[in-house]
Each structure stands twice: as structure tokens, then as C-alpha cells.
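The values are calculated or read from the model by the stated rules, or taken from the named source; none is laboratory data. Everything numeric here is computed off the predicted structure, so don't read it as measured data. In this analysis, Cβ positions are derived from the backbone assuming ideal geometry, glycine residues included, and neighbour counts consider all displayed protein chains. Side chains are part of the model used for accessible areas, which takes the heavy atoms of the whole protein and leaves out ligands, DNA and RNA. Shrake-Rupley method; radii C 1.70, N 1.55, O 1.52, S 1.80 Å.
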Amino acid sequence: MIYLNGQFLPLADARISPLDRGFLFGDGVYEFIPVYHGKAFLLIEHLQRLTRSLEAINMKDVLTAKQWADIIHTLCAQDPAPAQGIYLQITRGAGPNRQHAYGAQDLTPTVFAMAITLHLLSDMERKTGLSAITTPDTRWENCYIKSINLLPNILAAQQAYTRDACEAILLDNGYVTEGSSSNVFIVKNNMLITAPKSQGILWGITREFILQLAQEKNITCLEKPISESDLQNSDEIWITSSGREIIPITKLNEKIIGTGIPGPIWQQVENHYQYSKEKFLS
Ligand SMILES: Cc1ncc(COP(=O)(O)O)c(C=O)c1O
């Protein structure tokens with residue numbers, strides 16, 4: 001069962017117009033919210049980002065926080081999996097024809113949501129870490145908008161996939177922006193470093209939460225540019241997102257990072273992340 005424009009219905013029965021501007025132009029935004037044991041994690045932060053994304057493309061909120069919470073509850077109640085995610089997407093809706101400009105009158109937005117089971121780190125991956133690659137960041141200047149227009153991200157992720165890596169870390173003029181669907185942290189000399197917030201990256205909810213957790217653990221955190229050589233010579237690399245939490249990267253472009261196993265700062269922040277999740281659930 002999925003949610004589409006006010007209705008819950010089987011995926012196979014869901015229909016949208018071929019003139020939907022999301023389908024034709026990628027004219028829309030999305031969110032992905034982790035849901036643990038039926039409770040949406042950091043929901044307010046995700047909904048605030050949704051509002052920001054909608055405003056940035058001249059759209060208004062379509063549902064209240066309470067309406068979203070009810071939809072999430074209904075969709076997640078179908079599946080007993082302890083870790084799920086809600087994918088939600090809002091497009092500008094279907095116009096009368098295929099014109100780039102959407103005109104003066106608001107269209108009726110298309111609102112879609114579905115639950116997805118999360119596949120978090122396995123015990124083996126926690127011991128070994130995962131691989132990533134680097135590739136140029138060929139995206140536009142407004143990556144803070146969580147736009148459904150993701151072609152450069154898809155091509156980067158596919159490159160990672162074909163090289164048996166779990167993520168493509170994007171480099172803009174020799175500096176790390178973020179991953180194709182994650183933010184990036186490095187550890188150097190026990191300091192945690194991530195690229196500063198700018199219009200060129202998505203303001204990850206997990207990124208912000210990790211900065212808070214690290215501070216609680218008295219880990220020095222710096223939000224500053226990370227060069228390609230900083231990345232290659234780091235002691236630890238992590239990629240972070242709501243769907244994958246905190247992933248330790250132990251190989252970059254087939255070369256070993258740090259000691260080749262997930263590092264002690266990752267372990268410390270990961271433990272605190274899991275503890276904070278438990279506390280939220282209790
Ligand atoms: C490009 C990009 N950066 C960062 C993130 C991480 O954001 P969050 O922690 O809010 O999931 C995502 C998540 O989908 C993403 O697509």
C-alpha cells in the first residue's frame with residue numbers, strides 16, 4: 001500500500017498523469033525519513049527541510065505535520081520491520097501541456113509516499129567497513145534543495161556500483177562536497193571534519209545530528225573545506241544519511257584508509273548514535 005493524493009491504495013493501482021511535471025521535468029522535491037519501530041526519527045527536522053525545499057521552488061506546504069505523521073504511521077504499520085524509511089515526494093502537479101514555465105496559477109501538487117525497509121550495516125560490515133570512490137561533482141549550485149532531479153547523483157552512484165563501492169564521494173574543484181546520496185565526514189588527528197553548510201550541499205539531518213552527538217562526546221568538530229588530499233590521507237572516512245546512518249569507509253578508490261578497519265571515533269559516535277536512538281524510542 002502507498003499514499004497518493006489523499007488515498008491509501010495498492011502500488012499496482014496508483015496512477016499519475018504523464019503530464020505530471022515531476023515525470024516530465026523532475027519538477028518536485030522529496031524527503032526520506034527513518035522510522036524505527038513505527039516512530040519517525042527527527043521528523044520535525046525533516047519536515048522543516050521539506051518546507052525549505054518547497055519554498056525554494058516556489059511551492060507551499062501541502063500537508064500539516066500531523067497529517068504527515070498519520071500517513072507515516074499508516075504506511076509503516078503494514079510492515080513489522082524494525083527499521084523502515086518513508087520516501088515522500090511532492091511534484092508541482094500536471095499542467096495542461098508540456099511547457100517549461102509553470103505559469104501564474106498554482107497547479108494541484110502530486111503527493112506520494114511509500115514505506116521502504118532499511119538495510120542497515122551488517123555485523124560483517126561493522127568489522128570491515130565499506131568502499132567508496134571519488135568522482136567529479138557535476139551538479140548545479142542549489143543542491144541544498146532536495147530536488148527529485150537527480151541525474152548527476154544517479155550517474156555517480158552507478159559508477160560506484162560498477163566498482164563494487166557503496167558510495168561516490170563528489171569532488172568540486174578538488175574539494176569534497178558530499179556523497180551522491182550522503183554527507184561526508186573525515187577524522188584527522190582525532191578531529192571530526194565535514195564540509196561547511198552551503199547551497200552546494202544538502203543540509204543532511206544526520207550530518208547535523210552527528211555534529212551534536214560528537215560535541216556531547218567532547219570530540220572536536222570542524223566544519224571546513226576538505227581537499228582531495230585531506231580525504232585520501234584521513235584516519236577515518238564516514239558517509240552519513242537517514243537511510244544508512246553512519247557508514248565507515250575503509251577503502252577509497254581501492255586504497256586503504258587509516259588502519260583499514262572502522263576507526264575508534266566512528267565506533268564512539270556510532271555507539272552514541274545507537275544509544276540516542278534507543279533513548280528516543282523509549
Ligand atoms: C545528496 C545527499 N546528501 C546528503 C544526504 C544525507 O541527508 P540526510 O542525513 O538528511 O538523509 C542525502 C540523503 O539522501 C543526499 O541525497
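Side notes on the structure shown:
- Residue match in region 224-243 (condition: among the aliphatic types (A, V, I, L, M), away from the ligand (no atom under 16 Å from the Cβ), at pLDDT 95 or above and part of a loop (DSSP other than H, G, I, E, B)): no
- Residue 142 falls short of the stated requirement of being open to solvent by 80 Å² or more (accessible area, probe 1.4 Å), assigned to a loop (DSSP other than H, G, I, E, B), polar (S, T, N, Q) and in contact (Cβ under 8 Å) with a residue 40 or more places away in the chain.
- Index of the failed condition, residue 66 passing every other in (1) open to solvent by 30 Å² or more (accessible area, probe 1.4 Å); (2) of a type in the set (Lys, Arg); (3) in contact (Cβ under 8 Å) with a residue 60 or more places away in the chain: (3)
- Residue in region 98-111 that is open to solvent by less than 40 Å² (accessible area, probe 1.4 Å) and at pLDDT below 95 present: no
- Considered as a group, the residues in region 256-282 that are open to solvent by less than 50 Å² (accessible area, probe 1.4 Å) and of a type in the set (A, V, I, L, M, F, W, C) include one that is farthest from residue 245 (Cα to Cα), and that residue is 257.
- Residues of region 246-255 that are surrounded by fewer than 21 Cβ atoms within 10 Å (Cβ to Cβ) and outside any loop (DSSP other than H, G, I, E, B): 251, 252, 255.
- Residues of region 170-192 that are open to solvent by 10 Å² or more (accessible area, probe 1.4 Å), more than 12 Å from the ligand (Cβ to nearest atom) and in contact (Cβ under 8 Å) with a residue 12 or more places away in the chain: 171, 172, 174, 175, 188, 189, 190, 191.
- Scanning region 158-169 for residues that are touching a strand residue (DSSP E or B) at 6+ places or on another chain (Cβ under 6 Å) and over 14 Å from residue 240 (Cβ atoms), we see that the one that is most open to solvent (accessible area, probe 1.4 Å) is 163.
- When residue 154 is tested against (1) among the aliphatic types (A, V, I, L, M); (2) under 26 Å from residue 230 (Cα atoms); (3) in contact with a strand residue (DSSP E or B) (Cβ under 7 Å, 6 or more places away or on another chain), just one condition goes unmet, and that condition is (3).
- Test: residue in region 202-220 that is open to solvent by 20 Å² or more (accessible area, probe 1.4 Å), basic (Lys, Arg) and out of contact with any Leu (no Cβ under 9 Å at 6 or more places or on another chain): yes
- Among the candidates 49, 21, 15, the residue that is open to solvent by less than 40 Å² (accessible area, probe 1.4 Å) and over 29 Å from residue 240 (Cα atoms) is uniquely 21.
- Residues that are more than 10 Å from the ligand (Cβ to nearest atom) and not hydrophobic (A, V, I, L, M, F, W, C) within region 153-166 comprise 158, 159, 161, 162, 163, 164, listed in sequence order.
- Failed item in (1) touching a helix residue (DSSP H, G or I) at 6+ places or on another chain (Cβ under 6 Å); (2) more than 25 Å from residue 53 (Cβ to Cβ), with residue 256 passing the rest: (1)
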